[in-house]
1. Using the structure shown, decide if B:Ala108 is away from chain A (no Cβ under 14 Å), open to solvent by less than 30 Å² (accessible area, probe 1.4 Å) and in contact (Cβ under 8 Å) with a residue 40 or more places away in the chain.
2. Going by the structure shown, is B:Ser633 in contact with a helix residue (DSSP H, G or I) (Cβ under 8 Å, 6 or more places away or on another chain), closer than 25 Å to B:Ile540 by Cβ, in contact (Cβ under 8 Å) with a residue 12 or more places away in the chain and among the polar types (S, T, N, Q)?
3. Restricting the search to region B:652-664, which residues are in contact (Cβ under 8 Å) with a residue 12 or more places away in the chain and either within 14 Å of B:Asp611 (Cα to Cα) or not aliphatic (A, V, I, L, M) (or both)?
4. Out of region B:121-142, which residues are open to solvent by less than 50 Å² (accessible area, probe 1.4 Å) and part of a loop (DSSP other than H, G, I, E, B)?
5. Here are some residues: B:Ala64, B:Ala24, B:Ala86. Which one is away from chain A (no Cβ under 14 Å), out of contact with any His (no Cβ under 7 Å at 6 or more places or on another chain) and hydrophobic (A, V, I, L, M, F, W, C)?
6. Please verify whether B:Leu465 is buried (at least 22 other Cβ atoms within 10 Å of the Cβ), over 22 Å from B:Thr554 (Cα atoms) and at pLDDT 90 or above, treating the condition exactly as stated.
7. Look through B:Ser61, B:Ser70 and report the one residue that is more than 24 Å from B:Ala140 (Cα to Cα) and of a type in the set (Ser, Thr, Tyr).
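The values are calculated or read from the model by the stated rules, or taken from the named source; none is laboratory data. These numbers were taken from a predicted model, which means no experiment stands behind them. Neighbour counts are summed over all protein chains in view; Cβ atoms, including those assigned to glycine, are modelled from backbone coordinates with ideal geometry. Please note that ligands, DNA and RNA were not included when accessible areas were found on the heavy atoms of the full protein model with its side chains. Shrake-Rupley method; radii C 1.70, N 1.55, O 1.52, S 1.80 Å.
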Amino acid sequence: MSKKVITREEWERKLKDVKIRKEDMNKLVMNFLVTEGYVDAAEKFRIESGTEPDVDLATITDRMAVKQALQSGNVEDAIEKVNDLNPTILDTNPQLYFHLQQQRLIELIRSGKVEEALEFAQEELAPRGEENQSFLEELEKTVALLAFEDVKNCPYGELLDTSQRLKTASELNAAILTSQSHDKDPKLPSLLKMLIWAQNQLDEKAAYPKINNLTTAAVDDPAV
Amino acid sequence: MPSSAVTNRPEEVTARLGVGGGAAQGEALLKALREVKNQIIGNKTKKLLYLQLGAVPKIVSVLAASVASSLGGAGLEDAPVIVQAAAAIGSFACGVEDGVRAVLDAGAVPHLISILSHHDDKVVDAGARSLKMIFQSKMAPKYDVLQDKNLNFILSLLDSDNENVTELAACIIAHSCETNEEQKALCDAGVLQRLVSLLGGSSNQKDACLECIKAVVKDNSEVSSRFSCIGNGKALKALSDLIQDRYPYTRLLSCKCLIAIGHASPSYVEELQIKTKLVLVLAELLEEPGRVGDEAPFSLKKLIADNEELHKQALSINVIEKLCNFLHMSSIQSRRLQGILLALSELCSKLEKCRCQLLSPQVYSLNLEVRVLDLVIDSLEHDCAEVRAAACICIRNITRSLKDRLQNLSAGSLSNEAVVIRLVQLLYDPSSSIQLVALGALCNIIVICASRKSVLIRCGGVSQLVRLSTSMDSTLRLKSLSVLRNFLFLANTTDKECILKELSLHTLVSLLNDAEHSIQEQALALVNNLIDGCSSVEHIFTEKCYSLILDAVTRQLKQASSLGVCIQGMFVLSNIAAWSDFDKDSVTDYLIAYDDNHKPSLAIKFLQSNDKSLRLASLWCLLNLTNPSSAGSSRRVTKLQTAGIIFQLKSMLNDPCSDCKLRLRMVLEQCTEFETSQP
């Protein structure tokens, strides 16, 4: 059974018929900015578009301060800030707390403070492993970094990437959002996922102009 | 005073805490408090360390002093100190039992309660959060809601604008509301209405309110009905809407609420429609990660308990497949595994279709043909006691099948032995509740299939069963005796001899004379199975054995402690009455004997029973006694005649039970034969 073919002209005609409200798009953008914690951008966007954020921008400021501290490698500061914001968060999220302690160790190793790092690993991380066996594997990986001269190129070197900081920062951000009864995920990525899913479904039935590049949203001609 | 660098070692920090003496003040005190707080949050080891150093009473004294000074209008400086102290106290109470105890002992609660009405929101938040931590612990004191003053206080908290405070109120109520009286008091005070209106708030508030509602309505039919009437059913509708909430945990909590209401006052949540929806929602929640997926099977089990219609619904939406898929996972959390096994047990408790599904081989990943039953059998060896117990219950329910299904269990000889061996291992489990469930499962399995019986003997199962039959715990005695009874059902002579040897005459007789009549009944049934199929006493007992046993049997018949005992006893006599003339004579003598003029003989008494099974058993006995092919039957008929038995029989010609009527006619026919041949 051959698939139905939809030409570019047909496709664009169909797309034209779909009406999307500007307010909805603005809300999506605002939701993204707010969830990810971009306060200044959210404030500017509010002024320009007149879209009201669904949370008080002041609460975002606190959250942003935490995220920034973590992203600049200042884990202790981030912990103090989140404890000021809501002391129950780290008490009720053992995995998050472990990751923060882990990040502290990574930062100590990065700045070459080997002695301090060893002491910290012994005093702070080892007990985490004792309290909860599921942390042991990650703990071992992190502590293993101490055994290498050239840390950046050793087996677990990726732990030193900034991407690791971002990962932890994201986890922390999500926990704060949950404690404030907000969605921890912005809606925009879900919509993109749905787009990809819908295209995959349609692939089985038709050949049509497809978006293969999400960043440009360029539409490729249907494969015949 | 020598200046020393301020360090953050716990001992040093603790030394700076407190009121007066060597303690720090002002800014330094605030710093010390913050330091403790930041060190202990998330860190169990540090919490324990500070506990040992006696930090808690010091912090509470700081809190008390600051609160007093704050109330006296002393100043805004107190607020930060109160916030830090409260936060530290709350953290001590989180996840560490000793911490909760220390916090309670130091008298923190009244101070924390007093700051709930502070003008500074941050202070209120701190107090509310800490109190919530405390009241989430089982060790926290119950708040006496029966006292008006307390009830009013809780209501004022529920009316607050601050979500931390309303969540706290919900938490306190859920923790403190246990008795029906307390639930009613809360209901009367309008707590439920307020909670329902709070369901429109943020998701954390929703969840707290749902847990609270459930605690107030649970097991209380009056309160549950009143809940269903709130807003003419609007409250119920609100709950029903929440089972479609975007957050899985909220969906789970609202399901639990509806299930609790449905159980307490069936008429309101009776509609199959809502219950079917609940089955669907819970079936989906089974696949959620974390605590939602762990708890969902327990709620599912509660929902469908004893409801065959709902079992069928669950079956039709492939709940069994969903549950079984988890059994294949190599690492599954114990709690979830326990829940899944219990849910499967519930589904197998009534429907044959479910049991078949679990018994037949199914193909899973890696094209391995595995039976779910085998996975359940594996769980019998799990580290966690609750999982082992749940696996037992599951096997017990799966094996409730018809005997021919049980034959299918032999397919796969490995599991044949494995299941018996593992169940016997559980007979040694330190927990008696696990022993009981293992016995239940063995009871079903052992009935048929000679190979399983031999496994039981070989692995020492019989010895352990006999040991348990002399346990102090009467339920263990009863259940182990049931297994032995089932073992002896249609057993061959070798097996019978084995049991007798292990059991010993002494034990058997003492079981026949047991204080509990349910145990007497099982012992009699066991004797029945022993003598069943024998044509004379020598086949199974020595003469000494036999007379002791017969004595015990007849004694119990005379005492007639329960209907079951009488029926089983009569079966024993019926069996014996099929033996030799001598045996028949002894039985006849027992039946017609009476102590004095007022008490009727056993035969008369039983024939006059309201219970048809007892009448029938007696008739069978008489049938055997008056069997024409036996030489002494004629003189026995005369004896029966003299004792008024024949007269009694004739008066029963219109017995409502057709089986009885039939045997009755047969007995009378046999007796009349002898009467007419009287010279």
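1. On the way: away from chain A (no Cβ under 14 Å): yes; open to solvent by less than 30 Å² (accessible area, probe 1.4 Å): yes; in contact (Cβ under 8 Å) with a residue 40 or more places away in the chain: yes.
Considered against the rule, which asks whether it is away from chain A (no Cβ under 14 Å), open to solvent by less than 30 Å² (accessible area, probe 1.4 Å) and in contact (Cβ under 8 Å) with a residue 40 or more places away in the chain, B:Ala108 comes out as yes.
2. Values: in contact with a helix residue (DSSP H, G or I) (Cβ under 8 Å, 6 or more places away or on another chain): yes; closer than 25 Å to B:Ile540 by Cβ: yes; in contact (Cβ under 8 Å) with a residue 12 or more places away in the chain: yes; among the polar types (S, T, N, Q): yes.
The answer is yes for B:Ser633.
3. Within region B:652-664, B:Met652, B:Asp655, B:Pro656, B:Cys657, B:Asp659, B:Cys660, B:Arg663 meet the criteria.
4. B:Ser137, B:Ala140
5. Values: B:Ala64 fails: out of contact with any His (no Cβ under 7 Å at 6 or more places or on another chain); B:Ala86 fails: away from chain A (no Cβ under 14 Å).
The match here is B:Ala24.
6. Values: buried (at least 22 other Cβ atoms within 10 Å of the Cβ): yes; over 22 Å from B:Thr554 (Cα atoms): yes; at pLDDT 90 or above: yes.
It is true that B:Leu465 is buried (at least 22 other Cβ atoms within 10 Å of the Cβ), over 22 Å from B:Thr554 (Cα atoms) and at pLDDT 90 or above.
7. On the way: B:Ser61 fails: more than 24 Å from B:Ala140 (Cα to Cα).
Answer to the selection: B:Ser70.
Residues are listed down the side, and each one gets a yes or a no for (1) surrounded by fewer than 20 Cβ atoms within 10 Å (Cβ to Cβ); (2) of a type in the set (Phe, Trp, Tyr); (3) modelled with pLDDT of 95 or more; (4) outside any loop (DSSP other than H, G, I, E, B):
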residue: B:Gly73; (1), (2), (3), (4): yes, no, no, no
residue: B:Ala79; (1), (2), (3), (4): yes, no, no, yes
residue: B:Val83; (1), (2), (3), (4): no, no, yes, yes
residue: B:Ala87; (1), (2), (3), (4): no, no, yes, yes
residue: B:Leu104; (1), (2), (3), (4): yes, no, yes, yes
residue: B:Leu112; (1), (2), (3), (4): no, no, yes, yes
residue: B:His119; (1), (2), (3), (4): yes, no, no, no
